[in-house]
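The values are calculated or read from the model by the stated rules, or taken from the named source; none is laboratory data. It should be emphasised that the depicted structure is a prediction, and the values quoted were computed from it without experimental measurement. When we count neighbours, we look across all protein chains shown, and the Cβ atoms used for this are built from the backbone with ideal geometry, even at glycine. All accessible areas refer to the heavy atoms of the entire protein, side chains included, with ligands and DNA or RNA removed. Shrake-Rupley method; radii C 1.70, N 1.55, O 1.52, S 1.80 Å.
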Amino acid sequence: MGKYVPAIIAGVVAAIVMTFLMGFVFGGITPLIYGLGTGAFVAYIFANLAGNKKLPIASDQEKTAALELKPPPGKSLLVVYREGFVAKLAGLNVAVDGKGFAQLTAPKFTTLVLSPGTHTLTCGFGGLAGPQSKPGVYEFDVAADQVAGVGIGVSMGLVQGSMSFVPVADVGAVRAKVAKMPLVKAEPAEI
């Protein structure tokens, strides 16, 4: 509940300001209706963003090194990126095999060193956006010295949103896709 308090306060302030401003234009109950609508909308938007974390963005040197897309010997490299407009500002929590390692807003990417084998990539929103979307699950196999690229898309549904995963096998295509995106540091960098 504590993470929603700023959203509620912002909604109340927006409602008061809008009611006051609309009072100069309209008479009667109309300013109150506009104020309540605006306040509810502002509170809803801020509550959707309540699950966002401060993202540790990599330096230019770290990003340049990451764009080489070379896993350590005997290991694999996972590149996860997020693009698109839907829920662009809402932080998408990303985990492999149940271990969280990053949160992505769009457009951003991250890399993670993995042991070769079968893994499960999961993602879901924090804040109020979480219950409004189905968590995404994607299973993939990765061999030693291989790079696996996965794009995550978010789509709106009638009742709930959903996640879609787009595997990208070509290393050059992965590099081209993420080259202009900021790199979010994975914590931990290896699972």
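Laid out as a table, the results:
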{"read-out": "Answer residue from the range 89-124, given it is of a type in the set (Ser, Thr, Tyr) and not in a strand (DSSP E or B) and is least open to solvent (accessible area, probe 1.4 Å) among those", "value": "Thr105"}
{"read-out": "Filter result for the condition that a residue is assigned to a strand (DSSP E or B) and either modelled with pLDDT of 95 or more or surrounded by fewer than 16 Cβ atoms within 10 Å (Cβ to Cβ) (or both), over Val137, Val86, Val154", "value": "Val137"}
{"read-out": "Residues of the range 50-83 satisfying the condition of being touching a Lys or Arg at 6+ places or on another chain (Cβ under 6 Å) and open to solvent by 40 Å² or more (accessible area, probe 1.4 Å)", "value": "Pro56"}
{"read-out": "Odd one out for Lys180 among (1) in a helix (DSSP H, G or I); (2) closer than 19 Å to Ala58 by Cα", "value": "(1)"}
{"read-out": "Which listed residue, of Leu92, Leu77, Leu67, is over 25 Å from Pro116 (Cβ atoms) and of a type in the set (A, V, I, L, M, F, W, C)", "value": "Leu92"}
{"read-out": "Cβ-Cβ under 8 Å pairs, at least 6 apart or on other chains, the range 1-28 side in a loop (DSSP other than H, G, I, E, B) and modelled with pLDDT under 95, far side open to solvent by less than 60 Å² (accessible area, probe 1.4 Å) and not hydroxyl-bearing (Ser, Thr, Tyr)", "value": "Gly23/Pro31; Val25/Pro31"}
{"read-out": "Filter result for Gly35 (over 19 Å from Val171 (Cβ atoms), outside any helix (DSSP H, G or I) and touching a helix residue (DSSP H, G or I) at 6+ places or on another chain (Cβ under 8 Å))", "value": "no"}
{"read-out": "Residue check for Ala144: open to solvent by 20 Å² or more (accessible area, probe 1.4 Å), without any contact (Cβ under 8 Å) to a residue 60 or more places away in the chain, under 19 Å from Val96 (Cβ atoms) and of a type in the set (Gly, Ala, Ser)", "value": "no"}
{"read-out": "Matching option when the condition is modelled with pLDDT of 95 or more and under 20 Å from Lys180 (Cβ atoms), among Val79, Val96", "value": "Val79"}
{"read-out": "Candidate set from the range 162-178 (those that are surrounded by fewer than 17 Cβ atoms within 10 Å (Cβ to Cβ) and at pLDDT below 90); member that is nearest to Pro71 (Cα to Cα)", "value": "Ala169"}
